[in-house]
1. Between the alpha-carbon centers of the range 369-390 and the range 237-315, tell me the distance in whole angstrom.
2. Which whole-Hz ³J(HN,Hα) couplings does the range 114-122 yield from phi under the Karplus relation 6.51 cos²θ - 1.76 cosθ + 1.60, θ = phi - 60°, glycine and proline marked x?
3. Just to confirm the filter: which GluC sites (Glu not before Pro) across the range 299-358 are DSSP coil and have at most 15 other Cβ within 10 angstrom of their Cβ?
4. Give me the percent of Cα-Cα pairs in the range 427-499 that sit more than 17 Å apart, rounded to a whole number.
5. Short version: ³J(HN,Hα) in whole Hz for each residue of the range 40-51, in order, from phi by Karplus 6.51 cos²θ - 1.76 cosθ + 1.60 (θ = phi - 60°), x for Gly and Pro, what are they?
6. Would you list, by chain and number, the lysines whose Cα falls below 20 Å from the Cα of K271, excluding same-chain residues fewer than 8 positions away?
7. Counting only protein heavy atoms and using a 1.4 Å probe, what share of the accessible area of the range 502-575 belongs to carbon plus sulfur, as a whole percent?
8. Under 1.5 on a/c is rounded, so check that first for the range 210-277, then, if it is not, pick prolate when a/b is larger than b/c and oblate when it is not; a ≥ b ≥ c are the square roots of the alpha carbon gyration tensor eigenvalues.
Amino acid sequence: MAEEVFMDRELFDQLVSRLEAYSRLNPKLYKLRVFGFALLGYGYLLLMFVLMLLLLVASALSVIYFKALGMKLLLITAPFAWLVARSFWVRMNAPQGYVVDRRMAPALFERIRVLRKKLRAPRFHRVVITDDFNAAVVQIPRLGPVGWHANYLLVGMPLMKSVSPTQLDAILAHEFGHLAGGHARFGNWLYRLRRIWSQLLDELERRQSAGLALFRGFFTWYVPRFNAYSFPLARANEFEADAVAARVTSVNQLAEALTTTAVVGRYLGAKYWPGVYAKADTMPQPSFAPHAALGEAVNRELDDRDVEIWMGEILAQPADSTDTHPGLADRLRAIGGSACFKRPAEGSSADYLLGPVREQVIRKLDGRWQFHVSEDWRRRYSEVWEARNRLAAQRKLWNNASRSTDELIEYANLEELHGEGRAAAVALLGDRIAQDPDHAGLNYWLGTRLLADDDESGIELVEKAIAMDEAAIVPGNVALRDFYHTRGLVDLAKAAHGVAAERQALLDAADSERQTIRLGDKLLAHGLDADAVNRLYEQITRLGARKIWIARKPTRLFPEHPLFLLAFSLKPWYSLVRRSGGGIVSDRIHREVTLPGQTIVICTDGEYYRFRRKLRFIRGTRLRSTAPSSNANGT
């Protein structure tokens with residue numbers, strides 16, 4: 001896939017802040033600027049397309065005068081022009097879920113009819129019940145760029161089970177407000193622009209096209225600024241839809257719906273779904289029906305103490321520049337409402353509006369959930385079963401003093417996750433820190449557990465681990481941030497978060513740099529010793545490779561951790577038959593071969609054939625034999 005393009009978070013926030021202030025002072029001019037900035041992206045694409053057409057015409061005419069040379073130029077420009085043209089046609093797939101109609105759920109459709117009439121909103125062509133904790137309006141253009149939109153109303157079953165019918169009215173009124181205000185259509189237009197860029201760059205990178213240079217520079221500059229420009233508009237649309245919902249229903253009704261969904265959403269993420277997936281530790285098959293059980297769980301497990309804590313946290317949470325939805329406190333302030341949590345009484349949640357089809361929809365959603373999680377579920381059960389067997393074996397080794405620190409940490413992990421819990425695991429490692437005070441992993445493990453138990457003695461241990469091991473910078477500072485936050489130490493929490501965010505951004509950039517190797521990238525001799533080369537040659541030739549190359553790509557970030565390219569061929573260069581199996585051999589290499597470090601593996605028999613030509617002329621990349629004298633220095 002094309003690399004994600006990011007702007008420094010602080011610069012992005014500053015730009016968004018300026019644009020939000022401008023949008024409040026000059027809302028019409030601001031919308032025109034967003035529209036103009038979006039047109040700039042389309043204009044650049046159109047300019048490139050026109051240039052390609054002109055070049056294509058010139059290439060076709062050159063065939064008359066230059067014969068073979070003109071034909072070669074035509075064969076190069078025609079596919080590129082087609083790629084640019086095809087990128088304008090962005091297909092938006094219809095939402096997935098269970099489609100219901102008026103005959104199946106008359107009570108739900110009557111409420112939809114009343115709200116739509118009050119707002120004079122367009123009608124919905126489909127009402128889809130989904131498995132999301134959300135409601136949304138989506139417009140799908142049936143004729144691509146031409147338009148002719150189909151309106152979809154998406155209502156999540158988890159949402160319907162968590163709110164009352166009157167709360168659902170307020171939520172749907174908010175979504176209708178988007179539709180009546182034209183937000184969905186303009187938002188889809190902006191979405192299609194982002195998809196056009198992504199689709200075009202993905203295809204250019206997949207083909208290793210030289211034409212990528214025409215787009216990458218503009219894309220890198222344009223995309224983060226486009227996201228920043230459209231951000232205040234998306235957030236303003238949310239406030240506008242809230243105002244519509246408050247007017248159509250009532251301020252109290254909307255405030256109650258916003259508060260209830262915020263708290264229940266926190267419960268689902270923090271307790272319910274983790275509890276569902278934790279059943280994989282003891283159940284070999286996902287026979288559990290989470291959508292059927294959700295409503296009862298909200299009434300039974302969401303206690304008043306949790307509600308109080310989560311409501312306080314949600315109201316105190318500042319607006320996040322990664323989410324176009326405003327914070328709950330800002331939304332309540334904008335409509336003049338107060339936070340009010342109210343769960344539906346048993347048997348009176350909004351899912352009962354589905355009537356006779358309710359049970360059928362729930363069974364369908366649960367069946368689909370079971371199908372999608374079954375493979376991961378079985379893998380998790382197998383891993384836990386093996387871990388518990390290892391724990392049983394570890395417990396038989398009663399003499400902890402004879403274990404190394406790493407072995408004791410492994411034992412503590414097993415005890416914490418699959419045995420007697422964190423307290424027993426901390427007791428195992430509590431004495432070892434005095435014997436091995438400079439072990440980074442031990443300091444990190446014990447320090448983070450102490451912080452989780454609100455023990456400030458963990459601060460020193462985590463800070464020591466961070467100083468000794470770079471891998472602890474992000475998780476260690478996250479642990480410190482969370483601890484400081486619970487203590488109300490805002491400045492310390494902010495500082496720890498800043499360090500973690502800065503380091504994570506650096507790691508993300510390094511990961512992006514290492515995701516792909518392009519034909520234009522500089523490659524060097526691998527620098528491996530003869531024994532490592534011999535082992536690679538022996539292991540890979542056993543898998544059927546005829547020719548093998550290995551090179552090193554210089555990296556800007558973390559050059560001390562080398563990135564290798566391992567290329568192989570299954571057929572001779574002169575073969576007219578394209579032999580299949582490159583992907584299978586690549587997978588086997590990753591699973592069965594001891595690679596020298598982070599390594600990208602490709603087969604040169606298919607779309608990467610041009611790498612074979614490139615590697616042939618880089619001395620020290622070809623692996624020829626297992627004899628130590630070869631030392632992989634042939635070309």
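The values are calculated or read from the model by the stated rules, or taken from the named source; none is laboratory data. Source: prediction; values computed, not measured. Virtual Cβ from ideal backbone geometry, glycine too; neighbours counted across all protein chains shown. The area values use the complete protein model at the heavy-atom level, side chains included, leaving out ligands, DNA and RNA. Shrake-Rupley method; radii C 1.70, N 1.55, O 1.52, S 1.80 Å.
1. 27
2. 5, 5, 5, 5, 4, 8, 6, 8, x
3. Taking the range 299-358 and a limit of 15 other Cβ atoms within 10 Å, the loop GluC sites (Glu not before Pro) found are E346.
4. When all Cα pairs of the range 427-499 are counted, 37 percent exceed 17 Å.
5. 4, x, 5, x, 5, 4, 5, 4, 5, 5, 5, 4
6. Excluding near neighbours in sequence, the set is K161, K279, K342.
7. Whole-percent figure for carbon plus sulfur exposure: 51.
8. Oblate, since a/c reaches 1.5 and b/c is not below a/b.
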